[in-house]
1. Tell me which GluC sites (Glu not before Pro) from the stretch 1-73 have a DSSP coil assignment and no more than 11 other beta carbons within 10 Å of their own.
2. For helix 360-369, what angle does its Cα long axis make with the longest principal axis of the chain, in degrees from 0 to 90 and rounded to 10?
3. Could you let me know the centre-to-centre spacing of the stretch 339-396 and the stretch 1-45, using Cα atoms, in angstrom?
4. Using amide H atoms built 1.01 Å from N in the peptide plane, name the residues 5+ places from PHE189, or on other chains, whose amide H lies under 5 Å from its own.
5. From the phi angles alone, apply the Karplus equation (6.51, -1.76, 1.60; θ = phi - 60°) to the stretch 55-61 and give each ³J(HN,Hα) in whole Hz, x where the residue is Gly or Pro.
6. Report the residue, chosen from ALA311, ALA386, ALA332, that carries the largest GNM mean-square fluctuation when the chain is represented by alpha-carbon nodes joined by springs under 10 Å.
7. List the relative contact order of the chain as a percent without decimals, with contacts defined as Cα pairs under 8 Å and 6+ residues apart.
8. So how tilted is helix 382-396 from the main axis of the chain? Cα-based, degrees 0 to 90, rounded to 10.
Amino acid sequence: MTVLIAGGGIAGLSLGLTLHQLGVPFRIFEATKEIKPMGVGINIQPNAVRELFDMGLESALDEIGVRTRQYGFYTKLGKTIWEEPRGTWAGYAWPQYSIHRGKLQMLLYHTLLERAGPDCVQTGARAVAFENTGSGAVLHLEQGRVEGGLIVAADGIHSAIRSQMYPQEGPPIWGGAVLWRATSIAKPFFGGGAMALIGHDTQRLVAYPISNPDPETGKVVMNWIAELRIDPSEGWKKEDWNRAADKADFRPQFEHWRFDWLDVAELIDSAEQVFEYPMVDRDPLDRWTEGNVTLMGDAAHPTYPVGSNGASQAIIDARVIGAKLVEHGVNAKALEAYEADVRPVTTGVGLANRGSGPDAILQRVEDLCGGDFGVIEEVISKQDLAAHSARYKSIAGFSIDELNAKPPLIETEAKVV
Ligand SMILES: Cc1cc2nc3c(=O)[nH]c(=O)nc-3n(C[C@H](O)[C@H](O)[C@H](O)COP(=O)(O)OP(=O)(O)OC[C@H]3O[C@@H](n4cnc5c(N)ncnc54)[C@H](O)[C@@H]3O)c2cc1C
């Protein structure tokens, strides 16, 4: 019973590695002609890092990513609202990584080809439709049809499989903000390995290093995302992760964001290339599984990239699918069981990211004091800040104690029989 996977992004490749580990035959069909290292920085949370370690990728991750040490919120004047340790510094048994998306995708891709052979991923193969048969499913590609036992759609926010399941759904929903994403060579702040979320709802900047310091210059590759809310009547350009942008569209608003720990204007000036992306997501679905076909990753639960959980959740999806195949065999029951476990979590995360996501605290402080204070306790108590932070971790499934106490999703020797 071969599992047919549409899409070779983080989700599809993680599933490929998991199925290879479990001895389940699979094939991945990726639309692009060649898998290339696209994108900029992403964060992999400890719950997903645990899974990557279980897939044997620990030392490889240390070569391409940075162990994130600290996470903090700052006002538009550069004042500290809240800082907390991350990964192993916070007490997790696994680190958090800040990493280049393309490097992670290439790591998964090359590891998969080494382990499962070069024929398991077919590039230039775009999925267009699916069909359930009595005992399996047919994946229709632009170039023909393939039969298998199950189909897992990992074909991203524009999933062709999802649009067949939900023909009335239409394009992704725009939340009124635009993101400009880039990397710059810059000095690290707060001792390195630190992630900063600065500003408020209508103007924000997120910055974190995705390389360790250069031994000669001490500088890092700093990933950053500038965000502005714009007049919705102007509409938004069709989203594309690789749309090149003009700095003049957003640079003026950040002219005065020059703090003693980070010069935001200079950071923007020193980037060679900036990508533009509208903040889009989709409404949560009531169902991902139709017979022998299911959705995963962004095809199932695309969310605003504000809580560092898009790629992390894609990896978790792959591992939960694997665990359910071990439990139930390669059949529709396993897909239903995967959906039952994961869909409620991703619905909560998606909705939280639209409103009271982890950075909602920025707007709260902006409303209370315009971002200016002597010490934060004049504005909001530490207990209140700590409760906000703990709430989001719990929604997204990365509470420290819960994660550390959980048994592995897939035991080392597990196989699907
Ligand atoms: C080029 C690119 C750059 C990105 N850059 C960033 C970034 O900088 N920061 C960030 O937070 N997130 C980024 N993302 C999104 C992020 O990777 C996802 O949110 C997350 O990793 C979930 O991964 P996914 O595999 O579900 O989806 P994706 O990463 O979107 O992968 C989907 C894969 O399916 C392929 N595909 C699409 N349609 C079809 C089809 N019909 N048939 C077969 N294959 C198909 C795509 O080419 C892609 O390889 C990017 C995504 C892409 C595709």
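No lab work stands behind these numbers, since they all come straight from the coordinates. Predicted model, so just to flag it, every value in this text is computed and none were measured. Reconstructed Cβ throughout: ideal geometry from the backbone, glycine too, with neighbour counts over all protein chains shown.
1. Sites meeting the loop and neighbour criteria: GLU34.
2. 20 degrees
3. When both Cα centres are located, 32 Å separates them.
4. ALA194
5. Whole-Hz 3J(HN,Hα) from phi for the stretch 55-61: 8, x, 10, 4, 5, 5, 5.
6. ALA386
7. Over the chain, the number comes to 21 percent.
8. Its long axis makes an angle of about 20 degrees.
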